[in-house]
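Below is one structure, written out as structure tokens; the observations come after it.
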Amino acid sequence: MKDDNCIFCKIANGEIPSATVYEDERFRAILDMGPASKGHTLILPKEHFKDVCELDEEYASKVLQLGGKIGAAMKKSLGCTGFNLVQNNGTSAGQTVFHFHMHVIPRYDNGAPIVTWEPGSPDSEELKETAERIHAEL
Ligand code: AMP
Ligand code: ZN
């Protein structure tokens, strides 16, 4: 299914031109227009899924492997020494385009920090209680 109002549906299906890194029958991978680092790529499914919770098994089973393949190609072609796979779900998580996408962000030695957080320090009781609350909904 495509969504006529979705820009990533149009890009993924070639209706809007993009700097395409990779394409197959399910996915198009394009360069992000506001890159966190040189080569920052977005993997877009050609079907519309709002986020990872909607992604069907067929796509889900392929997307991680494709991220790894593109990351490995970045190391050879761009000289990055690592890469992050980042995937945002929901506004509070930083999602701004509501068509599932996975970021592949090349990381260069001495590059700026990109994906960071301040580690918290919960005690073991809090960890246990939090784990149980999540588990109960699975
Ligand atoms: P997210 O914040 O995870 O939803 O990521 C959306 C990403 O899409 C951002 O990094 C934007 O820079 C990028 N983006 C939005 N529109 C376009 C576009 N037309 N072409 C390429 N990248 C885009
Ligand atoms: Zn879409």
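The values are calculated or read from the model by the stated rules, or taken from the named source; none is laboratory data. Predicted model, so just to flag it, every value in this text is computed and none were measured. All Cβ positions, glycine included, derive from the backbone under ideal geometry; neighbour counts span all protein chains shown. Heads up: the accessible areas ignore ligands, DNA and RNA and are worked out on the full protein's heavy atoms, side chains in. Shrake-Rupley method; radii C 1.70, N 1.55, O 1.52, S 1.80 Å.
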Most mobile listed residue (Lys46, Lys76, Lys38) in the chain, GNM with C-alpha springs under 10 Å: Lys76
Pairwise FRET efficiency - Leu127 versus Lys38, Cβ, R0 = 35 Å, nearest 0.05: 0.35
Max mean-square fluctuation residue, GNM over the chain, Cα-Cα springs under 10 Å, options Gly120, Gly39, Gly94: Gly120
Unpartnered cysteines - no second Cys beta carbon under 4.7 Å - across the chain: Cys53, Cys80
Accessible area of Thr116 in the full protein assembly, 1.4 Å probe (Å², nearest 10): 100
Degrees, to the nearest 10: 57-78 long Cα axis against longest axis of the chain: 70
The chain: relative contact order in percent, alpha carbon pairs under 8 Å with at least 6 residues between: 22
Dmax and Rg, reported as Rg then Dmax, of region 17-65 (C-alpha, Å): 11.5, 31
Candidates Glu23, Glu126, Glu54: whichever shows maximal mean-square fluctuation once the chain is modelled as a Gaussian network with Cα springs under 10 Å: Glu126
The chain - Kirkwood radius from inverse mean 1/r over Cα pairs (Å): 16.6
Cross-link partners of Lys75 among aspartates and glutamates (Cα-Cα below 20 Å; sequence separation of 8 or more within a chain): Glu23, Asp32, Asp109
Helical mean residue ellipticity (222 nm; -39500 (n - 2.57) per DSSP H run of 4+; nearest 500) of the chain: -9500 deg cm²/dmol
Heavy atoms of Thr41 accessible to a 1.4 Å probe, total area in Å² rounded to 10: 0
Distance between region 14-30 and region 53-129 - C-alpha centres, whole angstrom: 20
Rounded to 10°, Cα long-axis angle of helix 124-136 versus longest principal axis of the chain: 50
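Run the numbers for Ile134 and Glu58: contour at 0.36 nm per residue of separation, minus the present Cα-Cα distance, in nm.
Length gained, Ile134 through Glu58: 24.8 nm.
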Length gained when the stretch Ile7-Val115 is fully extended (0.36 nm per residue, less Cα-Cα span): 36.3 nm
Chymotrypsin sites (Phe, Trp or Tyr not before Pro) restricted to DSSP loop in region 79-138 with at most 11 other C-beta within 10 Å: Trp117
Computed lengthening from Asp51 to Asn89, 0.36 nm per intervening residue step minus Cα-Cα distance: 13.1 nm
Set of lysines near Lys2 by C-alpha distance (under 27 Å), chain-local residues within fewer than 8 positions excluded: Lys10, Lys46, Lys50, Lys62, Lys69
